[in-house]
Structure formats: structure tokens, C-alpha cells
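*Asks:* Structure incoming, see below.
The values are calculated or read from the model by the stated rules, or taken from the named source; none is laboratory data. Keep in mind that this is a model prediction, so the values were computed, not measured. Cβ: placed from backbone, ideal geometry, glycine included. Neighbour counts: every protein chain shown. Side chains included, ligands, DNA and RNA excluded: accessible areas come from the protein's heavy atoms. Shrake-Rupley method; radii C 1.70, N 1.55, O 1.52, S 1.80 Å.
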Amino acid sequence: MPYIRLLAASLLGFVPVAGALAAAPVPPSEDQQLARDMLRTLVEINTTHANGSTEAAKAIQAWLLTAGFASSDVVLIAPEGHPTKANVVVRYRGKRSGHGKHDEKPVLFLGHLDVVEAKPEDWSVAPFTLTEKDGWFYGRGTIDMKDGDAALAESLIRLKRERFVPDRDIIVAFTADEEAGGDSNGPAFLLKEHRELVDAEMAINLDGGGGNLKNGAPLYFEVGTSEKTYVTYTLETTSPGGHGSLPGPDNAIYRLTDGLSRLEALRFPVMLTMTTRASFDELARVDPGPASADMQAVARPQPDLMAAERLSENVRFNALLHTTCVATLISGGHAENALPQRARATIQCRMMPGDTEANVQSLLIGTLNDPAVRVTLDAAPIVSPESPPTPQIMKKIASLAHSMWPGVPVIPTMATGFSDDRHTRNAGIPSYDVSGIWQDVDENRAHGRDERVGVAAFDESVEFTYRLIKSTGGGRVR
């Protein structure tokens, strides 16, 4: 799950645009209860990496077939040799579906079914049981992202019951292994092996975006348009070793730590994208304060580097202005009474859109400034291009958000983490993170203990998802 709420979390003292978030429209009671029942079922199916997503995919397939979708339009499919990593791809047929060259390309919606592990002893409630308490739904996946899966599935059934006919086909892919990645990752597998099932003009991923609250009051609504790319290196150096009673000047651990100290001081050049410029500019307007002038200064076509330097003192703003590299693992030596023969460190980098692995590695080598410390790329990065926050896209999403939450600012954002968007964007499908969930900026329980989603927030997100699908598909109720 991308950490795209980092901007909001760093805005200490942010002045909300209004009072507490007013009650927004919710689905009819029948749909509200159905979505809650779906969320319960999905949370109570353990879809951690060890268990896989197939049982959850089968549950969604059964719901949609019962609702009247043709079996040919609800495809359950898993990579060869990975039967527990099934995906289910649903096609909601538009009025021009199957008319050849006159077809409009579909819109693709994405929702991953897998969750990270949860140890019962770490939680105050059972993690794989949906527990309602004090206005919250607790359980693994309630915010990342079985809430979105339930909202997508229920909205499809509601639209089918209403006999809605979109102008174009709508595709919804419920997928495997976003958290773990690898050769069972759903979007990667579908795009490589079954492109015809998911080929689209645009993708909307519910695993990101959405509303930010501060003390119950709305700050702004995010539209995720881009993300940083992770790339990992191993640093390694060796020395002759020997008996610990006879230390000398050639010590692998000292050499490596010297290099890491130089790396700690490395700051990559300022890089801005269409998204981050717009983010800083809009946030400066929405939140007048001491940092506003610097935000506007870095948003200019020629960013003010001194302003960027001041903003970079905030670790979250720093991540939005620069490629970053940090040591995350270190090991060395083989016995307490022996001089080390080898020392190794893992360096995790997050590249800005537009940066390159070759550039990052070159700067690392230059900063280490020691040929005895070898730098090895662990795996080629999956570089993800930006999906431009065009006025047309932003206006359409803002109009939809304002139909639920009038007047809330709508701002494009870049994720410092990564998501399945990297696969669709690399396949030439512009991809945007849009969710109807509102969360407090100071709460980050995804992947953590006692993960939860507000009951009212979930109900509103179901209604928003229904409107989002209907809006992007166009069409009429027959």
C-alpha cells in the first residue's frame, strides 16, 4: 500500500477548511448491509501470502454470478504453478461492447485481495474476524484494502440490479500478491499473459488516494498520480582478518562504516514533477502558514533551491523533493575473537519519477569514494512513470468528490511507497489512485496492529465507489 498520506501527516497545525466532516450520502440500506456483509466475509478469509487469495476471489466470483453476470465475464485465473494466487476479473459490458473499432477502451478498476501477516498475540481483537466497536470496524485488511474490494464488488451488483448500461466496458480486477509481489503479482501476470482481460484506456486503483482528516475536520482529498521507485543495493568490503588480539589498519567493518557515514550526508538534487509542483502549490494555498512561501517557491518552473533546502529539514517533504537512499541492514565479522573478513550493508533507495538507476548508482559510488567498497544492484527496478494530473482528470474527480463532500480541496499527490500502479503505468495505462475513504492523518494502522476503518467512513466510501464507477463508465439506467 502506498504511503500517500505523508504530505498530510507532516502538516502540523494545518487549518481545516471547515468544521467536522458533515455526514455524506450513504448507499440505500440494502446496499449498505450487503457491503458490510462482504467486508466481513473478505476479512474473515485469511489472504496473507502463505494462504493466498484464491478463496477470496472465489467468493467474489460467486457473488457476481449470483447477481446475474455472465460466467464469461467473471474470469477466475491464477498463474501456472500458483493455484492459491488467483485473481478474478469482471467485465461490465457497455452499450457499444463488441462493436469493433467503434468501441471506447474500457476503464480498469484495481483492488488487491492479499493482506500482510497479523499475529493474534499482537492485537487486542482477533485480526481475521471483523469486529465492530465504538464506531470502527477492526480486522486485517479493513483499510488495506478489503474495504475497497467490498465497495467495488457491491457497487457492481448495485449497478447490475439497477440495469445500468455504461457507454464503455468497465473492468474490475481483484488481484493477488500486491504486498508480496514476485511472479504471482496479479496485475503483472494479467498484463503479461492475459492483456485482453485488462487492457484499458485508464486505470483507477482504490489502494490509495482519498480524504484526510485532522481532528475530525477535512483537510483535503488526494488523487494519487505517481510514486517513487524502490531500488536496492548491497555494499560489501573485505579485509584479511586474523586474530582479534592483533588489530591492524585494514578492517572491513571500519571501512564500511566510514563509507556509510559519507552516505548518510548525501542529499540528492532537487527534483520536481508536475504532481509535486501542483501539490506544493495547492497546499500553500489551502494551508497559509510559515512554510507556505517556501512551498510556492519550489513549485515555480525554476524552483528556489534555498526554499527546497528549508523544506527538506522536514523528513516527509525531503522525500517529496529528492531521491533518497538509506542503510537498512548491516552485517559483518564471523567471530567475536577474530578480525572481520567481510562486512555488508543493504541500501534501500527511493527514486523520484524521472531519475534513473544508473544515476543513483553513480552518486552512491562517488559518495562512498572507496573502490574497496563494492556496490551491487540487487535487482533491476520497476520504474513507474507519472500519470499527469491533467485539468480534465482533476476536474472530473473534484466534481465527484464535491457531490459527496462539498468544497473539499482536491490535490494530486505522489506516493513515496509503491503499488500495483507501477505495472499498469509501465504497460502504457495512465493510472490514478482514488478512494472514498477518509482517515485521520495521524493514524496509520495499515500493516500494523488493530487495523481499522470507521463504520461511517466505510459506508460513505461504498457510495463514492458506486458513483465513481458510474461516472467513469458514463451511460444510462435502462
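*Asks:* I'm trying to understand the selection: among the residues of region 222-240, which are in contact with a Lys or Arg (Cβ under 8 Å, 6 or more places away or on another chain), open to solvent by 10 Å² or more (accessible area, probe 1.4 Å) and more than 23 Å from V270 (Cβ to Cβ)?
*Replies:* T234, E236, T238, S239
*Asks:* Being within 30 Å of F69 (Cα to Cα) and surrounded by 17 or more Cβ atoms within 10 Å (Cβ to Cβ) narrows it down to one residue among L213, L206, L219; which is it? Steps first, please.
*Replies:* Details: L213 fails: within 30 Å of F69 (Cα to Cα); L219 fails: within 30 Å of F69 (Cα to Cα).
Matching residue, one of L213, L206, L219: L206.
*Asks:* Give R300, R277 a once-over and let me know the one that is basic (K, R) and in a helix (DSSP H, G or I).
*Replies:* R277
*Asks:* Say whether the condition of being crowded, with 21+ Cβ neighbours inside 10 Å, hydroxyl-bearing (S, T, Y), touching a helix residue (DSSP H, G or I) at 6+ places or on another chain (Cβ under 8 Å) and touching a residue at least 40 places away in the same chain (Cβ under 8 Å) is met by at least one residue in region 318-326.
*Replies:* For region 318-326, residues crowded, with 21+ Cβ neighbours inside 10 Å, hydroxyl-bearing (S, T, Y), touching a helix residue (DSSP H, G or I) at 6+ places or on another chain (Cβ under 8 Å) and touching a residue at least 40 places away in the same chain (Cβ under 8 Å): present.
*Asks:* Among the listed residues E117, E121, identify the single one that is free of Cβ contacts under 8 Å to residues at least 24 places away in the same chain, open to solvent by 50 Å² or more (accessible area, probe 1.4 Å) and over 30 Å from E162 (Cβ atoms). I'd like the intermediate steps shown before the answer.
*Replies:* Numbers: E117 fails: free of Cβ contacts under 8 Å to residues at least 24 places away in the same chain.
Being free of Cβ contacts under 8 Å to residues at least 24 places away in the same chain, open to solvent by 50 Å² or more (accessible area, probe 1.4 Å) and over 30 Å from E162 (Cβ atoms) holds for just one of E117, E121, which is E121.
*Asks:* Yes or no: F164 under 20 Å from V43 (Cα atoms), touching a residue at least 60 places away in the same chain (Cβ under 8 Å) and buried (at least 16 other Cβ atoms within 10 Å of the Cβ)?
*Replies:* Working: under 20 Å from V43 (Cα atoms): no; touching a residue at least 60 places away in the same chain (Cβ under 8 Å): yes; buried (at least 16 other Cβ atoms within 10 Å of the Cβ): yes.
No, not satisfied.
*Asks:* Can you pull out every residue in region 143-161 that is open to solvent by 10 Å² or more (accessible area, probe 1.4 Å) and over 22 Å from the mean Cα position of the chain (by Cα)?
*Replies:* Within region 143-161, I157, R158, K160, R161 meet the criteria.
*Asks:* Of the conditions (1) touching a Gly at 6+ places or on another chain (Cβ under 9 Å); (2) of a type in the set (S, T, Y); (3) in a helix (DSSP H, G or I), T41 clears all except one; give me its number.
*Replies:* (1)
*Asks:* OK, next. Out of (1) under 23 Å from H447 (Cβ atoms); (2) part of a helix (DSSP H, G or I); (3) open to solvent by less than 60 Å² (accessible area, probe 1.4 Å), what's the single condition that is false for L110?
*Replies:* Result: L110 fails condition (2) only.
*Asks:* Hey, any hits in region 349-362 for a residue that's open to solvent by 30 Å² or more (accessible area, probe 1.4 Å), in a strand (DSSP E or B) and of a type in the set (G, A, S)? Outline the logic, then answer.
*Replies:* Let us first name the residues in region 349-362 that are open to solvent by 30 Å² or more (accessible area, probe 1.4 Å), namely 350, 354, 356-359, 361-362.
Right, trim to in a strand (DSSP E or B) and you get 350.
Now narrow it down to the ones that are of a type in the set (G, A, S): none.
No, the conditions are met nowhere in region 349-362.
*Asks:* Checking T234 against (1) assigned to a strand (DSSP E or B); (2) within 23 Å of the chain's Cα centre (by Cα); (3) β-branched (V, I, T), which test does it fail?
*Replies:* All conditions pass for T234, except number (2).
*Asks:* Between a residue in region 32-49 that is free of Cβ contacts under 8 Å to residues at least 12 places away in the same chain and any residue that is among the β-branched types (V, I, T) and surrounded by 19 or more Cβ atoms within 10 Å (Cβ to Cβ), which pairs come within a Cβ distance under 6 Å, given they are 6 or more apart or on different chains?
*Replies:* Final answer for the pair search is none.
*Asks:* While we're on this one: Of all the residues that make up region 182-203, how many are closer than 22 Å to V116 by Cα and open to solvent by 10 Å² or more (accessible area, probe 1.4 Å)?
*Replies:* Final tally of qualifying residues: 4.
*Asks:* Among the residues of region 33-91, write down those that are open to solvent by 60 Å² or more (accessible area, probe 1.4 Å) and touching a Pro at 6+ places or on another chain (Cβ under 8 Å).
*Replies:* Of everything in region 33-91, nothing turns out to be open to solvent by 60 Å² or more (accessible area, probe 1.4 Å) and touching a Pro at 6+ places or on another chain (Cβ under 8 Å).
*Asks:* For region 105-141, name all the residues that are acidic (D, E) and out of contact with any Lys or Arg (no Cβ under 8 Å at 6 or more places or on another chain).
*Replies:* Once the filter is applied, which keeps residues that are acidic (D, E) and out of contact with any Lys or Arg (no Cβ under 8 Å at 6 or more places or on another chain), region 105-141 yields D114, E117, E121, E132, D134.
*Asks:* Something else now. H423 is checked against (1) touching a Pro at 6+ places or on another chain (Cβ under 8 Å); (2) of a type outside the set (V, I, T); (3) under 20 Å from F221 (Cβ atoms) and fails just one. What number does that condition carry?
*Replies:* Result: H423 fails condition (3) only.
*Asks:* Within region 238-274, how many residues turn out to be part of a loop (DSSP other than H, G, I, E, B) and farther than 18 Å from E227 by Cα? Outline the logic, then answer.
*Replies:* Of all residues in region 238-274, those part of a loop (DSSP other than H, G, I, E, B) come to 239-241, 244-251, 265-273.
Next, only the ones that are farther than 18 Å from E227 by Cα stay: 239-241, 244-251, 265-267.
Within region 238-274, residues that are part of a loop (DSSP other than H, G, I, E, B) and farther than 18 Å from E227 by Cα number 14.
*Asks:* Does region 126-140 contain any residue that is surrounded by fewer than 24 Cβ atoms within 10 Å (Cβ to Cβ), outside any strand (DSSP E or B), charged (D, E, K, R) and in contact with a strand residue (DSSP E or B) (Cβ under 7 Å, 6 or more places away or on another chain)?
*Replies:* No, region 126-140 contains no residue that is surrounded by fewer than 24 Cβ atoms within 10 Å (Cβ to Cβ), outside any strand (DSSP E or B), charged (D, E, K, R) and in contact with a strand residue (DSSP E or B) (Cβ under 7 Å, 6 or more places away or on another chain).
*Asks:* Here's another thing I want to ask about it. Hey, among K101, K105, K95, which residue is of a type outside the set (D, E), modelled with pLDDT under 95 and in a helix (DSSP H, G or I)?
*Replies:* Working: K105 fails: in a helix (DSSP H, G or I); K95 fails: in a helix (DSSP H, G or I).
K101 is the lone residue from the list that is of a type outside the set (D, E), modelled with pLDDT under 95 and in a helix (DSSP H, G or I).
*Asks:* If I ask for residues that are among the basic types (K, R) and closer than 20 Å to V453 by Cα, which ones from region 31-66 would you list?
*Replies:* So the first thing to find is which residues in region 31-66 are among the basic types (K, R), and the list is 36, 40, 58.
Once the filter is applied, which keeps residues that are among the basic types (K, R) and closer than 20 Å to V453 by Cα, region 31-66 yields R36, R40.
*Asks:* Okay, moving on. Checking G289 against (1) of a type in the set (G, A, S); (2) open to solvent by 20 Å² or more (accessible area, probe 1.4 Å); (3) within 20 Å of M352 (Cα to Cα), which test does it fail?
*Replies:* Here G289 meets the rest and fails (3).
*Asks:* Only one of E196, E179 is among the acidic types (D, E) and in a helix (DSSP H, G or I); which? Steps first, answer last, please.
*Replies:* Working: E179 fails: in a helix (DSSP H, G or I).
Result of the check over E196, E179: E196.
*Asks:* Can you pull out the residues in region 368-393 that are part of a helix (DSSP H, G or I) and either touching a Cys at 6+ places or on another chain (Cβ under 8 Å) or surrounded by fewer than 19 Cβ atoms within 10 Å (Cβ to Cβ) (or both)? Break it down stepwise before answering.
*Replies:* The initial filter retains those residues of region 368-393 that are part of a helix (DSSP H, G or I), namely 368, 391-393.
Result: P391, Q392, I393.
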